[in-house]
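Encoded as C-alpha cells, the structure appears first; notes follow it.
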Amino acid sequence: MWKFILLTVIVSTVGQRVINTAQGKLRGIPMDGYVSYSGIPYATINSSAGRFQKGGVAPTWRGVRESQQRHCTLSSRPEECLHLDVHVPAKTNSPWPVLVWVKGGSGQYHPGKLVGNDIIVVIVSHRIGPIGFLGMNNEKIPGNAGVKDVILALQWVRDNIVAFKGNPNKVVVAGQSFGAAMVEALMLSPISHNLYHGVILQSGSIMSPWAFNYDIIERATALGKLISSSDNISSILINSDIGELVSKCDKLDAPYFPFGISVDKSSKNEGRLLGDAPFELLKRKDRSVPMMIGHNSEEAYVFVSMLRQANVRKKLAKDLSFLLPEELKFMNEWELKQVFKQIEDMYFKDNTSLAAMLIYHRDAYFVNHIHRSVSLHASASDHSVYYYQFSYTGNAGVKPEPGIVKMGAAHSDELAYLFSNEVLDGEDVAVQQRMVQLWSNFVKYLNPTPQPSDLPHWETVNPSNPRLLDISTEVVMMEYPYRKAQKMWDEIYEKFYYSRNRITAK
C-alpha cells in the first residue's frame, strides 16, 4: 500500500513539474505516461502590418504559464497560430530524441503512442491559408510565412528543448500531405540549415503542383482585385480583414489550394526560403539528411464522394479532358490528344469504373510526384532514403464508402495509427505497434530497423532500382508496384511541365 502511495506521489510530482525556459516558467499537464506542455508561443507578430512577415522574438512572461489548448484556423489572427505543444515521457531517462511534427492544417494529433516509445513529440502550429502562403515577392508580403514559422519553431526547439530533457542534436522533423511539402521545402532551403537531423515525409511532396505555385504574384494580385479596385495590391491585402481574405480565396480561379509554397526573395528583414523551383533544387547535390518518405496505397479513396457528386463516369464516356491535372491543360491541341491517349490506355481502356478513376487520381495527384521526389533525393544525396507504402485496410482511419470497396490505405489513414487516441483491437493493434516502432526508431537512430531488430530489414533506396517497404499485416520489401504508370507520368511532366516552368533566380 505504501509503495503504491509513494509511486503515485512520484508520478504526480514528475507529471506536474514546473520547468524553466528562457521565456519563463511552464507547468505541464500529466497525461497517460507523459507530460504535455501546450500552447507555448514560439514567436510574435509585431503589428497588423506584419501579418505576412517573419515572426519576431518569442514572448516572455512572469510567474508560471499554464498549459493552454490553442487552435489555429484559416481565419485566426497570425499570433494565434505561432504556438507549439511539447509532449515529454514521464520517465526519468534522458536526454530524449525529438520528433517535430509540422501540422498540414488545423487537425488535432494525439502523440501518446509515439511518446510512449521514449521520444519527445513537438507539434507545431503555423500560419495557414492566405496569411501563411500568400506572396507578392516584396518586403511587405515576401511569401512562405508558414514555412518560415516552422523555421522559427525549429530554432525554438534547438534553444529550449534541453529544458524538457530533450536532445537538440537528435531532431527529426516530419509532416503529412501539405505538411510533408513544407518539410521538404525546409530541406531545399539554406535558411533552415543545421536545425534538424532527419525528415519524414508522408503522402506529400513539394513536387506536387497542389503544393507549389509558380504564379504566386498573379494569384495574390487576383485576390486583391476581388477586394478593391485600387492598384496598391499589397496595401489591400495587408489592411483587409482576414475573414474577407479567406472568403474571397474561394472565388479565385485557381486549382488546388489558393496559395502554396513559392520562390521568394531575400530582404533586409528575412532570408530567402527558395531560390528556384523544387524540381531544379532537387537535382542539385546540396544540403541533405537521412529521410523516410512514402505514400498510401489508395490515397484517392478520400475523393469517392466528390467523384460521385461530379458524375465523372458519365463525363468520362464523353470527354477525358476534364480529368487532366490543371497544370497540364495549357498544352496545345496535338499535345493534349497525345497525353489523353496515353492516360486512356493506361487507366481507362475498357474500364471506366470508379475503382479505375481512384487509381488514376492516386497516381496523378500523389504517387507519381512522391516517387519522383524519392528518385531525385536518392540520386543527389549521400544520406539514406527509406521508401514505404502503407497498404493496410483496417478499422481505423477513413471509413469505407457504400458501394466501393476500400482495398488499401486512404490518404491520412496512417495518422489513425500514429496519432490517434482511439482504442484499437485485433490486427489494428499489431499494425499500430509496428508503425510506431518504425517511426520512433527513425527518430532515435535515423534508421527505422536498426539491428538487432524483430522487424525485417528496411533497405535504403537504390536510385537505379527503387524498392519500398510495404507496411500492412506483414512488413515486406517489394519492387515499386507502379513502374509502368510512373514512366508515363515522368515523361509527361518532364516534357510538358518542368521544361516550360522555369524560374530565373534573382
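Does Glu459 fit the bill of being loosely packed, with under 15 Cβ neighbours inside 10 Å and either in contact with a helix residue (DSSP H, G or I) (Cβ under 6 Å, 6 or more places away or on another chain) or at pLDDT 95 or above (or both)? Spell out how you get there, then give the answer.
Values: loosely packed, with under 15 Cβ neighbours inside 10 Å: no; either in contact with a helix residue (DSSP H, G or I) (Cβ under 6 Å, 6 or more places away or on another chain) or at pLDDT 95 or above (or both): yes.
No; evaluated as a whole, the condition is false for this residue.
Looking at segment 445-455, is at least one residue part of a helix (DSSP H, G or I) and in contact with a strand residue (DSSP E or B) (Cβ under 8 Å, 6 or more places away or on another chain)?
Going through segment 445-455, the residues part of a helix (DSSP H, G or I) turn out to be 445.
Right, trim to in contact with a strand residue (DSSP E or B) (Cβ under 8 Å, 6 or more places away or on another chain) and you get none.
No, because not a single residue in segment 445-455 is part of a helix (DSSP H, G or I) and in contact with a strand residue (DSSP E or B) (Cβ under 8 Å, 6 or more places away or on another chain).
Can you confirm whether His83 is crowded, with 20+ Cβ neighbours inside 10 Å, free of Cβ contacts under 8 Å to residues at least 60 places away in the same chain and within 20 Å of the chain's Cα centre (by Cα)? Step through it out loud before you land on a result.
On the way: crowded, with 20+ Cβ neighbours inside 10 Å: yes; free of Cβ contacts under 8 Å to residues at least 60 places away in the same chain: yes; within 20 Å of the chain's Cα centre (by Cα): yes.
The answer is yes for His83.
If you scan segment 391-406, which residues turn out to be touching a helix residue (DSSP H, G or I) at 6+ places or on another chain (Cβ under 8 Å) and surrounded by 15 or more Cβ atoms within 10 Å (Cβ to Cβ)?
Tyr392, Gly394, Ala396, Gly397, Val398, Glu401, Ile404, Lys406
In segment 22-47, how many residues are part of a loop (DSSP other than H, G, I, E, B) and touching an Asp or Glu at 6+ places or on another chain (Cβ under 9 Å)?
Pass one, segment 22-47, residues part of a loop (DSSP other than H, G, I, E, B): 22-24, 28, 31-33, 42-43, 45-47.
Next, only the ones that are touching an Asp or Glu at 6+ places or on another chain (Cβ under 9 Å) stay: 22, 42-43, 45.
The qualifying residues number 4.
Hey, does segment 494-506 have a residue that's closer than 14 Å to Val374 by Cα and either not β-branched (Val, Ile, Thr) or not assigned by TED's automatic domain parsing to the domain that holds Gln433 (or both)? Talk me through it step by step, then tell me what you get.
Within segment 494-506, the subset closer than 14 Å to Val374 by Cα is none.
Looking through segment 494-506, none of the residues is closer than 14 Å to Val374 by Cα and either not β-branched (Val, Ile, Thr) or not assigned by TED's automatic domain parsing to the domain that holds Gln433 (or both).
Per-residue answers, yes or no, for (1) closer than 29 Å to Val115 by Cβ; (2) surrounded by 12 or more Cβ atoms within 10 Å (Cβ to Cβ):
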{"residue": "Ala409", "(1), (2)": "yes, yes"}
{"residue": "Leu415", "(1), (2)": "yes, yes"}
{"residue": "Ala430", "(1), (2)": "yes, yes"}
{"residue": "Met435", "(1), (2)": "yes, yes"}
{"residue": "Thr449", "(1), (2)": "yes, yes"}
{"residue": "Pro463", "(1), (2)": "no, yes"}
{"residue": "Thr473", "(1), (2)": "yes, yes"}
{"residue": "Lys495", "(1), (2)": "no, yes"}
{"residue": "Ser499", "(1), (2)": "no, no"}
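Return the residues of segment 309-351 that are outside any helix (DSSP H, G or I), free of Cβ contacts under 8 Å to residues at least 40 places away in the same chain and surrounded by 14 or more Cβ atoms within 10 Å (Cβ to Cβ); say none if nothing qualifies.
Hits for segment 309-351 are Leu320, Leu324.
The values are calculated or read from the model by the stated rules, or taken from the named source; none is laboratory data. From a predicted model like this one, the values you see are computed outputs, not experimental measurements. Ideal geometry is used to build each Cβ from the backbone, glycine not excepted, and the neighbour counts take in all protein chains shown.
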